[in-house]
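Working notes, structure below.
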Amino acid sequence: MRVRWSRLIALALPLALGCGGEGRGPEEAASVAQAELEPLPELDLAGAERAAREQLVEQRGVVERLLTAGAAEPAELAEAFGDLGLLYVTYEFLEAAEACFANARRLVPGDFRWHYLLGYLKMIQGFLPEANELYERALEIEPGFLPAVLRLGRGELGQGRQAEARVWFERALELDSQAAAAYEGLGKVASAEGDDAVAVGHFRRALELAPEASGIHYALAQAHRNLGQLDDARTHLAQSGDVAARIVDPLINPLASLAASAQFYIVQGAEAMDDDDYEASAAAFRAALEQDPQNVSAARGLAVGLERLGDAAGARAALEAVLETAAGEDRALILSNLGGLAALSGDESAALERYLESLAVIPDQPGLMLRAGNALARRGRFEEAIAQYDRLIEVTPEWVPAVLEKRATALVNLGRHDEAIADFTRAVAAAPEDHQLRMRYAAALEFLGRPDEAAAQRTVAARLTGDEEGRLAWVVESAMRQAREGDPEGALAGLRQALEGREDRLDLRYTLAALLAQSGRFEEAITEFEQILAAAPRHADARRGQIMALILTRRFGEARLKLQDALRNFPRHEGFALTQVRLLAISPDPRVRDGSLAVAIAERVYAERREPPVRQALALAYAANGSFAEAMELQRQLVREAEGSGDAAYLAASRSRLEAFESGSPWVASSPGEILAALAPGGVTAAVRKETG
Amino acid sequence: MLGTALVAGCGGESEPRPVQSPESAAAGAPAAAESGPIFVDHTASAGLDFVHFNGMWGDLLLQEITCGAGALLDYDGDGDLDAYLLQGHMVGPGKTLDDATVPPRHQAPLTDRLYRNDLAFAAGGENSIRFVDVTAALGGAPTGYGCGVGVGDYDGDGWPDVYVANVGPNQLLRNQGDGTFRDVTAETGVGDEGTGVAAVFFDYDGDGWLDLFVGNNVTFDNTGATVCRSLSGAPDYCGPGAYPYQADRLYRNLGRGREGRVTFADATESTGLATSPPRPTLGAVTADFDGDGWVDLYVANDGQPNNLWLNRHDGTFSDEALLAGCAVNASGASEASMGVVTGDFDGDGDPDLFMTHLIKETNTLYLNDGRGSFSDATAAAGLASGSLPFTSFGTAPLDYDNDGRLDLLIVNGAVTLLPSLVAAGDPFPLHQTNQLFHNEGATSAGAPRFADVTDRAGKVFELSEVGRGLARGDVDNDGDIDALVINNGGPPRLMVNQVGSSGSWLGARPISCASASDALGARVTVRRSGGTPQRRRVQTDGSFSSAADPRLLFGMGAARAADSLSAVWPDGSAARWRQPPVGRYAVLSPSCGRGGGP
């Protein structure tokens, strides 16, 4: 066998290298026919990333060396072809991959993997009948290989053969009664056969097993719709996406981590972000940066992912890591993103600086112009903001209503009221059906002492809110106006009424909860926040609101538990981390304090971001833990920083804490608000994501 | 005018009344042998010497591979279809024709081209198509980088006008009825400056004047600053997600004003179309999807959910695509929708939807339940696996064999570099072959079943080109549907049908009352004993970037006669004829005096 195999390889070599078979004698030709190894197509890798090119060349070299040596066992050569084929699949060189798997299969036809992988390749190229034949062959050899059974079912479904598909999905359930993909498939079979009631049952079971499979929500919605159950349909449509029940596949799943090109992981990261899976997105962008540490796209993607996960410091670090080497537009975009992060952290000065630096390179980027204008306005530089808005109106006529509104607000601040009203009038003329714009215009008119005109705008706005969303927006606007006008009870009643029959509207419930908290009705607010979190555990704003309400009502123990839970969900959320540190360090309730734990958390955050808020939290933690020397050192630095800030209250507070530490006393909060200093409102860096996305 | 005229008498039943001798080929004209090709390439023999110039110069810019558009229209009213083909220009700032990778075939300045069909009739034989380049008739007007075209008689003067959607300002070319066109963009107010790829004339408000939908794609970045890569990191063309999406535009036709000019107003906001976020539109098609008697609009977007704009009868639309089941496919995934057509594929009387997609996505068939609820029937119809290896653009519902069922012609061409072609050193490694699917009839579950008949469709289907646009129409007036494929960076292909006219057929051209122009939106039903009623709607829209023959063609299968033909005009006028003539086109005119209109 060995001798014959070596001869086979030797003869196969010219074919494998694409040299053809001309000039062979009859005996050789017979041997080659027996082997029939397919030549691997030549690929043009000139434009590929170096890492990817080297990876592909190296693995191909393995195959070619084995062929050249002529002494390899069929299994060894098949493995080499298989590995190379998987790489080709990863980079989507599918014809080359097919040749590899075909050769592996010919070399070791008893190995189910080669039939299966070749089937997979046929499947992704759309050759479903051929794919299914190969899957069936794989199953003859390995009858218990569940992925093949599930893919056979999907393949039959793809050919409109429901009865055959059902057989495979039912067989899959015999192999694994918890296979969500099998229930999903049976649901689709039932749907295709018009049996929507049965489909609903299967889809529901699939969702129980794979709640992340958003595509099943869509299928379920369609089934409900066909049954006339429109409310159920809408509920599932609201949760729908395109993620199918995952097939756990030991042969295919590893493809996701084979590549050496940064681009491969960038694509993965972007796709995960589209699915709102920020953990996966960040992981993919990190992998891209491992391949290419200076890749700006990967760094910006990672920053977006981390920011969405509440890790602003990590996002900033990711951007700063590539800032030095980036040039031109890349550098400008990074600066713009850094500006967004600075704005989120409340550092308006830094934000503005970044925006302006970025604008110097890409002056006509509308999103950046708007953010710069807004930052200028927030810094009170209204004239410059107006100039920025004027440029923006020239560049993006379609943004005119929104920009005019911003411009009008700046003009109000400059006391140029007539011009402001003129801008608002133009904005409303440009977007006459924007009821929310009219509501804001009404608020401005109220502010300017023109209540009759304000009322007129509100009346028009009310008339415009014809549809469901419009009515709800009107209810919310009205409630907020009532609250501003000193009628919180009226506002709350309106919101509660709006929620009737719409219990799943978390946005409405959040508004209600926030208004309850603002009105000092913390207990009710806590209950409402809890309901939101029961439905959406990753609702960061609801967590923040609930924790604030618990601390403000001095329920420090519960707050500590909620913070622990929040950090489990958002492990890198700086706001939650620092609030927990402060609670553990300076809580008025001694039963809640835990200096050691406070130090551990604070040191972790401080290692990543050595800025005053974190430094303060760490100093308080050190003091609570009895480490006064460390606490004093940090606090002295804070005092020096406070001296340079020009903020007298901040300086006084810093000095008081230093005095306490110098006297060997930990700091204890005088009010709950002191604990909440780090839990500023935050949210999503939409601007960062939009730019990067 | 070719064919027979049928005039409705007060909306009741009447006998067909020929008013002019038919000159068309009679039913039962000699057919090609069954083993012969279904379509034959007549591009060169017909004198269609156009070559699309895409402006590529070495960078990989999405704009250069997006376009390829044309229209089949009878601009001179002589009863046969002429061809309007859109041209490209250099892409990228500062680039000149000297920089082009492939120099243009036509002399500068490059403009769209108009070809007049001087069809020669051959009694008992194959009609002879002869296209004559009459681009001078355009007066040098079409100067933009053309990417989409719509055809309709916007001013109700009886002559079809042409709206050219460009990358940049669009142009409305008014057919002056004397063989020439005039640019009336400024005076009509329809010069949208987006990246237009779809242009659809339809009367959404029922006032008798054709309104205009313009589908816009993305804001291309041709500076080279936006670079995209394949998974191996090699430079490749970007997808739409790399660029800002553009909003679509809907213009309402205000009719003829006091000065005698027809003008439009931007109704995007007032109709509710602005409630959808901008998406990269590539296709659009109209039909009464929910069966309420009002025309609706379906918009196909590239990689984003599609829109089903249902007409709310008050001058507004609402997007119901998601609940209706036609925003995303059965897996809940937004697909890269390119071309879209509507037709009654399952023969149940309502308009279904078929649209083309990217490689590794299926093309998708959505079947309508008659009330505007759709189900993805792609797999059941046998259309899934065959489409996965291709990136498809233009498509046409055409009953190529006149058996009474709508078949599908699909035009393909990739949008990212194909590795095998790159490795082979191909200078334009995007080309793919086209496909033809035959409708085999409904299965027991009700879905139609299609068979891939590309292998026997003819040698023209062996050509591998970068297909984009596709306009269907009976170019040789022999009673079967031909097709004009418009390729990017290459010549078009005039595919002449060799088999359809071997069967019995019935043609219909509903016209509007006052202007005698094609009555876009009119619906015609043909009934024959033992057969499923066939329902068709007059439209030039659909496919990708292209405009089609508005005439309706009904294949009669083995039947030699139809029992009846009934028509409903957009203004509600209706008429029915018993035993309409077969083997010719009948001009259908409503009972004038009812309804409004130009």
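The values are calculated or read from the model by the stated rules, or taken from the named source; none is laboratory data. All of these numbers come straight from a predicted model, not from anything done at the bench. Reconstructed Cβ throughout: ideal geometry from the backbone, glycine too, with neighbour counts over all protein chains shown. Surface areas here come from the heavy atoms of the whole protein model, side chains and all, with no ligands, DNA or RNA. Shrake-Rupley method; radii C 1.70, N 1.55, O 1.52, S 1.80 Å.
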### Query
Which residue out of A:LEU117, A:LEU152, A:LEU134, A:LEU146 is more than 13 Å from every other protein chain (Cβ to nearest Cβ), within 32 Å of the chain's Cα centre (by Cα) and within 21 Å of A:GLY185 (Cβ to Cβ)?
A:LEU146
### Message
Restricting to segment B:86-138, name every residue that is farther than 23 Å from B:ALA69 by Cβ, among the polar types (S, T, N, Q) and surrounded by fewer than 17 Cβ atoms within 10 Å (Cβ to Cβ).
### Response
B:THR96, B:SER128
### Query
Out of (1) part of a loop (DSSP other than H, G, I, E, B); (2) within 14 Å of chain A (Cβ to nearest Cβ), the odd one out for B:PHE437 is which?
(1)
### Message
Anything in segment B:418-434 that is in a loop (DSSP other than H, G, I, E, B) and more than 9 Å from every other protein chain (Cβ to nearest Cβ)? List them, or say none.
### Response
B:LEU418, B:ASP426, B:PRO427, B:PHE428, B:PRO429, B:LEU430, B:HIS431, B:THR433, B:ASN434
### Task
Find all pairs meeting these conditions: Cβ atoms under 7 angstrom apart; at least six residues apart or on different chains; first residue within segment B:212-233 and away from chain A (no Cβ under 11 Å); second residue open to solvent by 30 Å² or more (accessible area, probe 1.4 Å) and in a strand (DSSP E or B).
B:VAL214/B:ARG249; B:ASN216/B:ARG249; B:VAL218/B:TYR245; B:PHE220/B:VAL167
### Query
Just checking, which of A:VAL395, A:VAL460, A:VAL403, A:VAL476 is more than 30 Å from A:ARG521 (Cβ to Cβ), modelled with pLDDT under 85 and within 31 Å of the chain's Cα centre (by Cα)?
A:VAL395
### Summary
Requiring at least 3 residues that are in contact with an Asp or Glu (Cβ under 9 Å, 6 or more places away or on another chain) and in contact (Cβ under 8 Å) with a residue 40 or more places away in the chain, the helices (runs of 4 or more DSSP H) wholly within segment A:305-403 are A:312-323, A:328-344
### Restricting segment B:234-245 to residues that are more than 9 Å from chain A (Cβ to nearest Cβ) and surrounded by 18 or more Cβ atoms within 10 Å (Cβ to Cβ), the residue that is farthest from B:TRP309 (Cα to Cα)
B:TYR237
### Breaking point among (1) crowded, with 24+ Cβ neighbours inside 10 Å; (2) farther than 26 Å from A:TRP114 by Cα; (3) within 12 Å of another protein chain (Cβ to nearest Cβ), for A:GLY301
(3)
### Message
Cβ contacts < 7 Å: first residue under 20 Å from B:GLY382 (Cα atoms), restricted to segment A:161-180; second residue outside any helix (DSSP H, G or I) and not basic (Lys, Arg), any location; separation 6+ or different chain. Result?
### Response
A:GLN162/A:GLU193
### Task
Could you list, in sequence order, all residues of segment A:211-240 that are polar (S, T, N, Q), facing another protein chain (nearest Cβ under 7 Å) and in a helix (DSSP H, G or I)?
A:SER214, A:GLN222
### Task
Among the residues of segment B:381-396, write down those that are away from chain A (no Cβ under 11 Å) and part of a loop (DSSP other than H, G, I, E, B).
B:THR391
### Message
Just checking, does segment B:301-324 include any residue being surrounded by fewer than 19 Cβ atoms within 10 Å (Cβ to Cβ) and more than 14 Å from every other protein chain (Cβ to nearest Cβ)?
### Response
yes
### Task
Could you grab me the full set of residues in segment A:351-399 that are of a type in the set (Val, Ile, Thr) and open to solvent by 30 Å² or more (accessible area, probe 1.4 Å)?
A:VAL361, A:ILE393, A:VAL395
### Query
Of the residues B:ASP205, B:ASP296, which is more than 11 Å from chain A (Cβ to nearest Cβ) and more than 22 Å from B:MET338 (Cα to Cα)?
B:ASP205
### Task
Could you list all residues from segment A:304-339 that are open to solvent by less than 30 Å² (accessible area, probe 1.4 Å) and more than 26 Å from B:GLY224 (Cα to Cα)?
A:GLY305, A:LEU306, A:GLU307, A:LEU309, A:GLY310, A:ASP311, A:ALA313, A:GLY314, A:ALA315
### Message
I'm trying to understand the selection: among the residues of segment B:264-276, which are away from every other protein chain (no Cβ under 11 Å), buried (at least 19 other Cβ atoms within 10 Å of the Cβ) and not in a loop (DSSP other than H, G, I, E, B)?
### Response
B:PHE264, B:LEU273
### Message
I'm checking my understanding of the structure. Among residues of segment A:37-51 that are more than 7 Å from every other protein chain (Cβ to nearest Cβ) and touching a residue at least 24 places away in the same chain (Cβ under 8 Å), which one is farthest from the chain's Cα centre (by Cα)?
### Response
A:LEU37
### Message
So, B:LEU470, is that one more than 14 Å from chain A (Cβ to nearest Cβ) and touching a Pro at 6+ places or on another chain (Cβ under 7 Å) or not?
### Response
no
### Test: residue in segment B:332-343 that is within 14 Å of chain A (Cβ to nearest Cβ) and of a type in the set (A, V, I, L, M, F, W, C)
yes
#### Entry: Among the candidates A:GLU64, A:GLU98, residue that is more than 14 Å from chain B (Cβ to nearest Cβ) and open to solvent by 10 Å² or more (accessible area, probe 1.4 Å)
A:GLU64
### Task
Have a look at A:ALA621, A:ALA629, A:ALA642 and point out the one that is over 27 Å from A:LEU567 (Cβ atoms), part of a helix (DSSP H, G or I), open to solvent by less than 60 Å² (accessible area, probe 1.4 Å) and among the small types (Gly, Ala, Ser).
A:ALA642
### Message
Between B:ALA445, B:ALA471, B:ALA457, which is open to solvent by less than 10 Å² (accessible area, probe 1.4 Å) and in contact with a Gly (Cβ under 8 Å, 6 or more places away or on another chain)?
### Response
B:ALA471
### Query
Can you name every residue in segment B:139-187 that is under 14 Å from B:ARG261 (Cα atoms), open to solvent by 10 Å² or more (accessible area, probe 1.4 Å) and under 18 Å from the mean Cα position of the chain (by Cα)?
B:ASP153
### Query
Can you name the strands (runs of 3 or more DSSP E) wholly within segment B:458-537 that have at least 1 residues being over 21 Å from the mean Cα position of the chain (by Cα) and among the aromatic types (Phe, Trp, Tyr)?
B:505-510
### Query
Restricting attention to segment A:198-210, does a residue exist that is crowded, with 17+ Cβ neighbours inside 10 Å and either within 11 Å of another protein chain (Cβ to nearest Cβ) or on the phi > 0 side of the Ramachandran plot (or both)?
no
### Task
Give the residues of segment B:188-199 that are of a type outside the set (Gly, Ala, Ser), open to solvent by less than 30 Å² (accessible area, probe 1.4 Å) and out of contact with any Leu (no Cβ under 7 Å at 6 or more places or on another chain), sorted by residue number.
B:ASP192, B:THR195
### Message
I need a count of the residues in segment B:349-380 that are under 29 Å from B:SER566 (Cα atoms), assigned to a loop (DSSP other than H, G, I, E, B) and within 14 Å of chain A (Cβ to nearest Cβ).
### Response
5
